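A short write-up of the structure that comes next.
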């Protein structure tokens, strides 16, 4: 590996510390998927995302992982609407039921979060197509970090 390729690799591989513009805002991955936060308030959130050619799988349908990403992010924004800024939390489990294929248009996720106990949050979301037909049902569990501040990962 040359010095130049090592420098590029160190800039493009993790771990990174991402500074968001606001507590409730899209991170680089969500921006890559063109997600838009419509509202995030009172443990609820609505986000949208367009179907783009780049999000298609081999049969021309929207990739399931992209749809799940929208649902997961919508739940995250619902959670952020009720937790103090800079509280660290992460998805520890999720379940997705695909109901209908997405072939075009804009999909919308409507999510809700419910605090179960001091460290556990339940999340649900339904993703709809342009015709308001449900295309995905999503359930998840999140854990709030013990120290609320996740330590920087070691560099390897």
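Any read-out appearing in this document is the output of simple, stated calculations on the displayed coordinates, not a laboratory observation. All values reported here derive from a predicted model rather than from experimental measurement. Here the Cβ positions follow ideal geometry from the backbone for every residue, glycine too, while neighbour counts run over all protein chains shown.
Give me the extension gain from residue 93 to residue 119: residue separation times 0.36 nm, minus the current Cα-Cα distance, reported in nm with one decimal.
7.9 nm is the gain from fully extending residue 93 to residue 119.
Give the average over all directions of the projected area of the C-alpha convex hull of the stretch 34-85, one decimal, in nm². Spell out each step's value before the answer.
On the way: hull surface 14.6 nm².
Mean orientational projected area (the stretch 34-85, Cα hull): 3.7 nm².
State, to one decimal in nm, how far the label point of residue 86 lies from the label point of residue 39, with both points 7 Å from Cα in the Cβ direction.
If labels sit at residue 86 and residue 39, their model points lie 3.0 nm apart.
Which order, highest average first, do 38-47, 15-24 follow once you tally other Cβ atoms within 10 Å for each residue and take the mean per peptide?
Per-residue Cβ counts within 10 Å, averaged per peptide and sorted highest first, yield 38-47, 15-24.
For the chain, what does the helix formula give at 222 nm: sum of -39500 (n - 2.57) over DSSP H segments with n ≥ 4, over the residue count, nearest 500 deg cm²/dmol?
Mean residue ellipticity, 222 nm, calculated: -6000 deg cm²/dmol.
Would you mind putting 79-89, 105-115, 50-60 in packing order, based on average other-beta-carbon counts within 10 Å, highest first?
105-115, 79-89, 50-60
Mean separation of Cα pairs under 8 Å and 6+ residues apart, divided by the residue count of the chain: what relative contact order is that in percent?
On the way: 290 pairs, mean separation 34.8, N = 156.
It rounds to 22 percent for the chain.
Can you check what the Kirkwood hydrodynamic radius comes to for the chain, Cα pairs only, in Å to one decimal?
16.8
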